[in-house]
1. Using Cα positions and a limit of under 18 Å, work out the aspartates and glutamates in reach of K74, with same-chain residues fewer than 8 apart set aside.
2. Which lysines does K124 reach when only Cα atoms under 25 Å apart count, and residues fewer than 8 places away in its own chain are ignored?
3. Can you tell me which of K149, K177, K136 moves the most in a GNM of the chain? Springs connect C-alpha atoms under 10 Å apart.
4. What dipole magnitude, in Debye to the nearest 20, does segment 8-161 give about its Cα centre under +1 on Lys/Arg Cβ and -1 on Asp/Glu Cβ?
5. If I require 20 Å or longer along the helix axis, counting alpha carbons, and a Kyte-Doolittle average no lower than -0.5, what helices from the chain are left? Use full DSSP H segments.
6. What accessible area per residue comes out for the chain, rounded to a whole number of Å², with a 1.4 Å probe?
7. May I ask for the distance between the Cα centers of segment 23-96 and segment 156-203, given as a whole number of Å?
8. Counting only other residues whose beta carbon sits under 12 Å from that of V39, what net charge do I get with K and R as +1, D and E as -1?
Amino acid sequence: MQRLALLCALLAALPVGAQAPSRTVYCCSDNGHQVCGDVLPAQCYGKSYREMSPQGTVRRLVEAPLTPEQLARKEAEDRARRAEQVRLRAEQRRNQSLLETYSSVADIDARRDRAIQSVLLELKQAEAVRAQLLQKRTGLTREAEFYQKRGLPPSLAAALRESDGELAAQGVVIDAKKRDIEAIRSRFEQDRSRYIALTESHPAPLPQR
């Protein structure tokens, strides 16, 4: 009965000659009053409205167009949501790669130690080269002491400059190797912590007996 009464009210609101059931009836609220028509009434422009069947069933709810401020906010929210989805997918790929790379925490520690040992060997070699360069520089300095009261021979002055340049370059190499070791420690520590978190939250299944 209520649906029939609603339909009668809708039909009564239509213009004369348009009260035969139509395919769709459009209704909206205008200043607290229901406005309906077999085409979208002018009062419904820019507002939310309902598309209803001749039997009074709501077929579709159409939201009001967004204001420029609402549209800008929605676009910003959409961008943030897409960025978060990209971040989550990237994190999932990293997690999967981590679990496929290492078999255990002990495996991570062993790989870390091997990587550090390799760079430590290079560091020791670089320090040995620097020791040789320092020894050479000491010899040049002693030789230069004989010329304190007179100018250095051009060849000796050039050798001193070259020695200083070699020592500076070797110092850069040594500093880089030390940074490499710290970077390896940091990277493996991050992998280790992440691996523990992942395996503790998703423990491996027990072997079947």
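The values are calculated or read from the model by the stated rules, or taken from the named source; none is laboratory data. Just so it is clear, the structure is predicted and the values come from calculations on it, not from any experiment. A quick note on method: Cβ atoms are made from the backbone with ideal geometry, for glycine too, and the neighbour counts reach across all protein chains shown. In case anyone asks, the SASA skips ligands and DNA or RNA and just uses the protein heavy atoms, side chains included. Shrake-Rupley method; radii C 1.70, N 1.55, O 1.52, S 1.80 Å.
1. E63, E84
2. Cross-link targets: K136, K177, K178.
3. Of K149, K177, K136, the most mobile in the Gaussian network model is K149.
4. Numbers: 25 positive and 18 negative charges, 206 e Å.
That gives a dipole near 980 debye.
5. On the way: long enough: 68-101 (49 Å, -1.66); 105-145 (59 Å, -0.46); 154-201 (71 Å, -0.48).
Sorted by number, the helices that extend far enough and score high enough are 105-145, 154-201.
6. Numbers: 15240 Å² over 209 residues.
The answer is 73 Å² per residue.
7. 56 Å
8. Details: positive: R23; negative: D38, E51.
Net charge around V39: -1.
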